[in-house]
1. Inspect region 42-53 for any residue being part of a helix (DSSP H, G or I), of a type outside the set (Asp, Glu), under 21 Å from Glu134 (Cα atoms) and under 17 Å from the mean Cα position of the chain (by Cα) and give the result as yes or no.
2. Kindly establish whether Gly129 is at positive phi and either acidic (Asp, Glu) or out of contact with any Cys (no Cβ under 8 Å at 6 or more places or on another chain) (or both).
3. Residue by residue through region 95-141, note down the ones that are of a type in the set (Lys, Arg) and more than 16 Å from the chain's Cα centre (by Cα).
4. Which pairs turn up if I take residues in region 70-93 that are touching a residue at least 60 places away in the same chain (Cβ under 8 Å) and of a type in the set (A, V, I, L, M) and look for partners that are surrounded by 14 or more Cβ atoms within 10 Å (Cβ to Cβ) and in a loop (DSSP other than H, G, I, E, B) with beta carbon separation below 8 Å, at least 6 apart in sequence or on another chain?
5. Cβ-Cβ under 6 Å, sequence separation 6+ or interchain: first residue in region 110-132 and within 19 Å of Leu157 (Cβ to Cβ) and modelled with pLDDT of 95 or more, partner aromatic (Phe, Trp, Tyr) and in a helix (DSSP H, G or I). Which pairs?
6. Would you point out the residue of region 19-37, among those that are hydrophobic (A, V, I, L, M, F, W, C) and surrounded by fewer than 17 Cβ atoms within 10 Å (Cβ to Cβ), that is farthest from the chain's Cα centre (by Cα)?
7. Considering every residue within region 18-25, establish whether at least one is over 25 Å from Ala124 (Cα atoms) and of a type in the set (S, T, N, Q).
8. Determine which single condition Thr46 fails, assuming it passes every other condition in (1) farther than 22 Å from Arg155 by Cα; (2) surrounded by 15 or more Cβ atoms within 10 Å (Cβ to Cβ); (3) free of Cβ contacts under 8 Å to residues at least 24 places away in the same chain.
Amino acid sequence: MPEVLPDTGPSFRLWPPISVGGPLLVGLLVSWNAGDPWRTSTVASTLGWVLLGAFAVWNGWALVTMAQHRTGLLPGQASATVLDRGPFAWSRNPLYVGLLVASAGVAVLTGSLWALLALPIEWALLRWGAVLPEERYLAAKFGDAYADYRSRVRRWL
């Protein structure tokens, strides 16, 4: 009888919080050390807080949905099912969408144009480092169920 290996979840090339946090931090450091052409304002501060609030609600909803279906909550944990409810009905990667929204909120709140300009780098690192490996894992684990989900729900929004 062949040995059955435990499901250890997807193997990331780059952990998602690093994919977003690294470029965000570099952008903030450039702004703080070299200056920034963008200045904070009441409107920017309000928008920043709105984005951070949206992140908290959206990612909280995603985490509650994951917990209700007893599937891995942290990046890299095994998935128990293909989730197609809650924010997963709109995005195959709602937690990563939320991280990008949070990053934008921090950039706007702090008045860092350089951090805001880092968003495409964050997106690319997330895609390469986490999304593509996760998609391979989910396709191998769930087969047709994941293929059907992919055909109905967009990767981002």
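The values are calculated or read from the model by the stated rules, or taken from the named source; none is laboratory data. Note that the structure is predicted; figures quoted are calculated from it, not measured. As a convention, Cβ positions derive from the backbone with ideal geometry for all residues, glycine included, and neighbour counts pool all protein chains shown.
1. No: zero hits.
2. no
3. Hits for region 95-141 are Arg136, Lys141.
4. Correct list of pairs: Ala78/Gly9; Ala78/Thr71; Ala78/Gly72; Ala89/Val153.
5. Leu126/Tyr96
6. Residues of region 19-37 hydrophobic (A, V, I, L, M, F, W, C): 20, 24-26, 28-30, 32, 34.
Going one step further and asking which of them are surrounded by fewer than 17 Cβ atoms within 10 Å (Cβ to Cβ), we end up with 25-26, 29, 32, 34.
Numbers: Leu25: 16, Val26: 18, Leu29: 22, Trp32: 25, Ala34: 29 Å.
Result: Ala34.
7. No, there is no match, as no residue in region 18-25 is over 25 Å from Ala124 (Cα atoms) and of a type in the set (S, T, N, Q).
8. That leaves (2) as the condition not met.
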